[in-house]
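Only the coordinates and a few stated rules stand behind these numbers; no lab work does. All values reported here derive from a predicted model rather than from experimental measurement. Cβ placement follows ideal geometry from the backbone for every residue including glycine, while neighbour counts extend to all protein chains displayed.
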Amino acid sequence: EVHQLVTLIGNDLVPKPHERFHPSFETFRGVPRGIPDRDTPLAVVTMFEDLGFIHRWRISRTTLARFTLMVRKGYRDPPYHNWTHAFAVAHYSYLLIKNLHLDREGYLTDNEALSLFVACLCHDLDHRGTTNTFQVNSKSILASLYSSEGSVMERHHIAQAMAILNTEGCNIFENLECHEYSKILENIGHIILATDLSHHFKILPSLGRMVKSFNKKDPAHHSLLMCLLVTSCDLSDQTKDWRATKQVAELIYKEFFSQGDLEKAMGINPDKMMDREKAFIPELQVQFIEGVVRPVFVLLAELFPGSEGTQQSLQAVTDILLFWQKFREIYLTKYGTHHGCSL
Ligand SMILES: Cc1nc2ccc(C(=O)NCC(C)C)cc2n2c(-c3cc(OC(C)(C)C)ccc3Cl)nnc12
Ligand SMILES: [Mg+2]
Ligand SMILES: [Zn+2]
């Protein structure tokens, strides 16, 4: 398949995204989950090209083809935390970099912009569809490796990304100068660690301050910005239309409930959110969108008030929250209780 992908992109025929994929591909309304899986490696290459990364960082096309296919292969197939999710997350980072001109406007350095896009592609590598807590409770190999530092899964995702870059013929950063190379690996690690929910809660107050008075010269602000950006990308499914968002919620709870079943079998009492007998999804989604998702897109819209895309994303999240609140209300009035609520 490398050969096939290389021939496709080899003779400088990297197509324009909106022609080859979908007219909405380059807009915030675009639904990356609508791109057929077989087309996603080429879509990744066109995004690298469209963002000017291939030229700026002298990335060899064959290396990029191999790297992209290795990353896709590096994902397992749980209901949610699979390649389709990683592709969707990377697509949103492509939209942010492209439409907010993050590199050109000095919000991110060139290095940070490339780090963000690559980190998004790799941020959930080899995910097993279970949480950090589950790793520790089940005494998994990954917990034995990383539980002393915390963010068990995220440290594993980083290790997997480094292993791919260290694979013969897959190092897309092979032509970077030394200091750029070490910077990019440091940034990618930092960004992937920021996709741990507990890390996000920890830095939330600093994110609020950073957004109020962003200083393009302050590296600490750049780091905080990259954390906010990757979190918005990781949650970007919530900025699409209701149908797409509802399907994603079904996938997430399919994954959560499987973990709950596993925990019950292991004699561990699962969280309500993981227990298919106890979870009331509309309520859980109202809480998560009010508590986690919407605040992220409020910050993003505050930081980029001039961008139609960030305002659109915030509006979409607000609409989704309304949908779930309606859904919850109808269910409660109709059944008076939430037991047995399946989507
Ligand atoms: C639609 C949607 N519902 C969710 C409902 C609950 C939770 C959950 O983990 N609750 C635990 C309690 C302590 C809050 C996550 C949900 N979730 C995520 C998600 C986000 C993540 O981390 C960042 C990106 C940093 C926020 C990491 C993992 C996941 Cl699955 N993505 N979409 C969703
Ligand atoms: Mg993750
Ligand atoms: Zn993710």
Take the alpha carbon atoms of the stretch 51-67, find their center, do the same for the stretch 99-127, and report the distance between the two centers in whole angstrom.
15 Å
Might you report the magnitude of the Cβ-based charge dipole of the stretch 205-273 about its Cα centre, with Lys and Arg at +1 and Asp and Glu at -1, to the nearest 20 debye?
420 debye
Sequence order, the stretch 51-63: Karplus ³J(HN,Hα) from phi using 6.51 cos²θ - 1.76 cosθ + 1.60, θ = phi - 60°, Hz rounded, Gly and Pro as x, gives 8, x, 6, 4, 6, 4, 10, 6, 7, 6, 5, 5, 5
Can you give the angle from 0 to 90° between the axis of helix 242-265 and the longest principal axis of the chain, with both taken from C-alpha atoms, to the nearest 10?
70 degrees
Once you treat every alpha carbon in the stretch 26-128 as an equal point and sum by Debye, what is log10 I(q)/I(0) at q = 0.19, 0.20 Å⁻¹?
-0.94, -1.04
Arranged by the count of other C-beta atoms within 10 angstrom, fewest first, what order do His127, His18 take?
His18, His127
In Å, what Kirkwood hydrodynamic radius results for the stretch 228-289 from the alpha-carbon pair distances?
12.7 Å
Under a point-charge model restricted to the Cβ atoms of Lys and Arg (+1) and Asp and Glu (-1), what is the dipole moment magnitude of the stretch 222-343 relative to its Cα centre, in debye to the nearest 20?
320 debye
Charges on Cβ only, +1 for Lys and Arg, -1 for Asp and Glu, centred on the Cα centroid of the chain; of Thr130, Met47, Thr68, which one is farthest towards the dipole's positive end?
Thr130
Between the Cα axis of helix 40-50 and the main Cα principal axis of the chain, the angle (0 to 90°, nearest 10) is 50 degrees
Diffusion coefficient in µm²/s returned for the chain by Stokes-Einstein, Kirkwood Rh over C-alpha pairs, 25 °C and 0.890 mPa s, is 118 µm²/s
Helix 294-303 vs. the chain, principal-axis angle (Cα, 0 to 90°, nearest 10):
40 degrees
In nm, to one decimal, how far is the modelled label at His179 from the one at Glu105, with both set 7 Å along Cα→Cβ?
2.7 nm
Give, rounded to the nearest 20 debye, the magnitude of the charge dipole that the chain has about its Cα centre when Lys and Arg contribute +1 at Cβ and Asp and Glu contribute -1 at Cβ.
460 debye
If you average the C-alpha positions of the stretch 234-306 and of the stretch 151-227 separately, how far apart do those two centres end up, in angstrom?
24 Å
Most positive-pole-ward Cα, Leu251, Leu228, Ala265, against dipole of the stretch 208-304 from beta carbon charges:
Leu228
